[in-house]
Amino acid sequence: MKRQIITIDESKCTGCAECIPACPEGALQVIDGKARLVSDLFCDGLGACIGHCPTGAMRVESREAAPYDERRVMAESIVKAGPNVIAAHLRHLQEHGETGYLREAFDYLREEGIANPLEAEAANGHARHGGGCPGSRTIDFRSNAQAAPVASTSPSPPSALRQWPVQLHLVSPTASYFRDADVLLAADCVAFAMGDFHSRLLDGSALAIACPKLDTGMERYVEKLAAMIDMAGVRSITVAIMEVPCCGGLTSLALQALAKARRTVPVKRIVVSVNGEVLAEEEVSC
């Protein structure tokens, strides 16, 4: 199969081994004075090693390669290296949006009776963010009083938002605010159309927003929603969409995730008019 995978320019490689610790999957070794990709099966193609190469010898390319095998990586490399490497590997998958591989890793740990550090953090209401934009740092307002929005002295109604971030590309499906939660999956425009969005739809729910017409990476949306169902154990999903035809794709994404997940949860659809009225509210199924 053709996929993204690391390639190494031997003429630039000095064999310094700086890339080795950055690959907990164990795909790299220094052999005969050069860094080598020793197994296509162990390379996830996400490029965590590239930034650690001081000579620019490493890059990601698209080529024919054996498919990455998450379970084999867990069994033969990650678990043997101990809990710190397990945690680093899981966060690596999480921060790159690889929810499919993340679910496989969670399943493997559960089947083998091995403690899962991300599940422990979620249960305790803690989360870590490994870098990138500070605006995507995971915050649960319910468990972090310092991060909660400052109470306003104006007569405006209070916000019902209990988390950050909210965009579906940015949220982590294992975040504490999704644990055993009712999830509101809202099209981007709904909150602008509805004057009582917070009090009527958002209050008491964890939020994810998306635009089925303009967003890219719909397959990752499906994986994330399925991971929320299976790994976070969400109780229900309410899909809030506008009456315009292009919004219907958001319901389809939720139902695809439900079909992919091992658990079953109720899914409800709410249709909102362009002037903010609720036109329909109904249970939907695959």
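Miscellaneous remarks
- Qualifying residue in region 4-23 (condition: assigned to a strand (DSSP E or B), at pLDDT 90 or above and among the small types (G, A, S)): no
- Single residue of region 253-278 satisfying the filter (polar (S, T, N, Q) and surrounded by 14 or more Cβ atoms within 10 Å (Cβ to Cβ)) that is nearest to L225 (Cα to Cα): Q256
- Residues that are more than 26 Å from D107 (Cβ to Cβ) and under 24 Å from the mean Cα position of the chain (by Cα), drawn from region 60-73: V60, E61, S62
- Positions within region 157-174 being among the hydrophobic types (A, V, I, L, M, F, W, C) and under 22 Å from S199 (Cβ atoms), in sequence order: A160, L161, W164, V166
- Subset tally (residues that are farther than 23 Å from R200 by Cα and in contact with a strand residue (DSSP E or B) (Cβ under 9 Å, 6 or more places away or on another chain)) for region 256-270: 2
- Complete set of residues in region 171-187 that are part of a loop (DSSP other than H, G, I, E, B) and modelled with pLDDT under 95: V171, S172, P173, T174, A175, R179, D180
The values are calculated or read from the model by the stated rules, or taken from the named source; none is laboratory data. Please read all numbers here as calculations on a predicted model, not as lab measurements. Glycine also receives a Cβ, built like all others from the backbone with ideal geometry; neighbour counts cover every protein chain displayed.
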